[in-house]
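Visitor: Quick one: the structure is below, questions incoming.
Computed from the coordinates by the stated procedures, all read-outs in this text should not be read as laboratory data. The model shown is predicted, which means the values in this text are computed figures rather than measured ones. Cβ placement follows ideal geometry from the backbone for every residue including glycine, while neighbour counts extend to all protein chains displayed.
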Amino acid sequence: NSNEKMSRGALIVLEGLDKSGKTTQIKSCLEILRADGFDVCQLSFPDRTTSTGQLISSFLREQTMLDDRAVHLLFSANRWEKWKEMNDWLSNGTSILVDRYAYSGVAYTASKGYDLDWCLGPDKGFIAPDLVVYLSAPSTVLQGRSGYGEERYENKAFQSRVSETFGKLKTKKWLTVQSDRPIEEITHDIITPMRNIIRSCQSGSLKLGTLWK
Ligand code: 2DT
């Protein structure tokens with residue numbers, strides 16, 4: 001019966017510039033949600049362990065030269081590789097916290113000057129997140145964080161263009177939080193919306209959508 005309410009997991013994405021604290025927040029939110037008793041797992045894109053991921057990783061470390069458009073398609077393929085696993089988790093009731101998603105894909109490539117519509121193409125039809133948390137901080141603050149500048153893209157001029165492009169992708173449904181604050185304060189602000197969206201998906205009141213709707 002297609003009208004029957006289906007309980008499922010929630011897809012929660014964290015986005016933001018390099019060093020905005022996404023990985024730290026995913027770690028602490030995962031711990032809290034698990035302690036609450038929720039069934040949650042985590043993923044990050046790019047997934048550097050697969051064969052496309054290894055190519056991407058080598059490109060990011062500036063050890064491999066690739067055409068920007070070829071790299072864009074690799075990043076997207078790296079997500080499609082995970083489609084079935086993600087779909088299975090969600091339908092079995094496991095929620096997923098994801099570190100970066102197709103929004104990063106579009107923001108980084110479009111910031112190099114490529115057409116926004118072209119950039120959106122490869123991820124069309126991929127699983128749409130139920131919640132996007134955007135960690136926002138001035139690129140000048142991020143620049144001072146440890147490890148900054150070690151990979152391609154980690155420079156101030158490019159990061160401010162990426163920030164602008166994220167601005168174009170943002171919808172009213174995104175939760176934007178200032179991330180140049182203590183870790184615990186940020187966690188405090190985002191954990192309740194996460195619990196709420198997981199409960200809504202569990203109750204079967206939200207249907208899984210697809211990008212770019
Ligand atoms: P981290 O592994 O440190 O997050 O850096 N990127 C990411 C893209 O250009 N396209 C994408 O689709 C994704 C997911 C952002 C990964 C770097 O790769 C960029 C920073």
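Visitor: Output the antiparallel fraction of DSSP beta bridges having both residues in the stretch 11-202, as a percent to the nearest 5.
Guide: Working: 0 of 18 bridges.
Given both bridge residues lie in the stretch 11-202, the antiparallel proportion sits at roughly 0 percent.
Visitor: Take the chain, connect every pair of alpha-carbon atoms lying under 10 Å apart with a spring to form a Gaussian network, then pick out the residue of ALA77, ALA107, ALA157 with the largest mean-square fluctuation.
Guide: ALA157
Visitor: Starting from the 7 Å offset along Cα-to-Cβ, what nm value, one decimal, do you get for the label separation of TRP83 and GLN63?
Guide: 3.0
Visitor: Turning to a different aspect of this structure: Using square roots of five times the C-alpha gyration tensor eigenvalues, list the equivalent-ellipsoid semi-axes of the chain in whole Å, biggest first.
Guide: Values: eigenvalues 151, 88, 49 Å².
So the three semi-axes of the chain are 27, 21, 16 Å.
Visitor: Pick out, from ILE96, MET194, VAL177, the residue whose Cα sits farthest towards the positive end of the charge dipole of the stretch 11-202, with +1 on the Cβ of Lys and Arg and -1 on the Cβ of Asp and Glu.
Guide: The Cα lying farthest towards the positive end belongs to VAL177.
Visitor: Determine the relative contact order of the chain: mean sequence separation of Cα pairs under 8 Å and six or more apart, normalised by residue count, in whole percent.
Guide: Values: 324 pairs, mean separation 76.0, N = 213.
That works out to 36 percent.
Visitor: Once fully extended, how much extra length lies between LYS213 and GLU184, figured as 0.36 nm per residue of separation less the alpha-carbon to alpha-carbon distance? It would help to have the intermediate numbers written out before the result.
Guide: Numbers: separation 29, 0.36 × 29 = 10.44 nm, distance 3.24 nm.
Here the answer is 7.2 nm.
Visitor: Further question on the same structure: In the stretch 11-202, if the dipole is taken from +1 on Lys/Arg beta carbons and -1 on Asp/Glu beta carbons about the Cα centre, which of LEU135, SER76, GLN42 is farthest to the positive end?
Guide: Among LEU135, SER76, GLN42, the one farthest towards the positive end of the dipole of the stretch 11-202 is LEU135.
Visitor: Related question: So what is the calculated 222 nm ellipticity per residue for the chain, using -39500 (n - 2.57) for each DSSP H run with n of 4 or more, over all residues, to the nearest 500 deg cm²/dmol?
Guide: Details: 9 runs with 99 residues, N = 213.
Helix contribution divided over all residues of the chain: -14000 deg cm²/dmol.
Visitor: Follow-up. Starting from the Cα-Cα distance between ALA70 and SER7, subtract it from 0.36 nm times their residue separation and give me the gain in nm to one decimal. Show your work: numbers first, answer last.
Guide: Numbers: separation 63, 0.36 × 63 = 22.68 nm, distance 3.79 nm.
In short, 18.9 nm is gained.
Visitor: Using 0.36 nm per residue, how much length does the chain from LEU206 to LYS173 gain when fully extended, once their Cα-Cα distance is taken away?
Guide: Details: separation 33, 0.36 × 33 = 11.88 nm, distance 1.40 nm.
Stretched fully, the LEU206-LYS173 segment lengthens by 10.5 nm.
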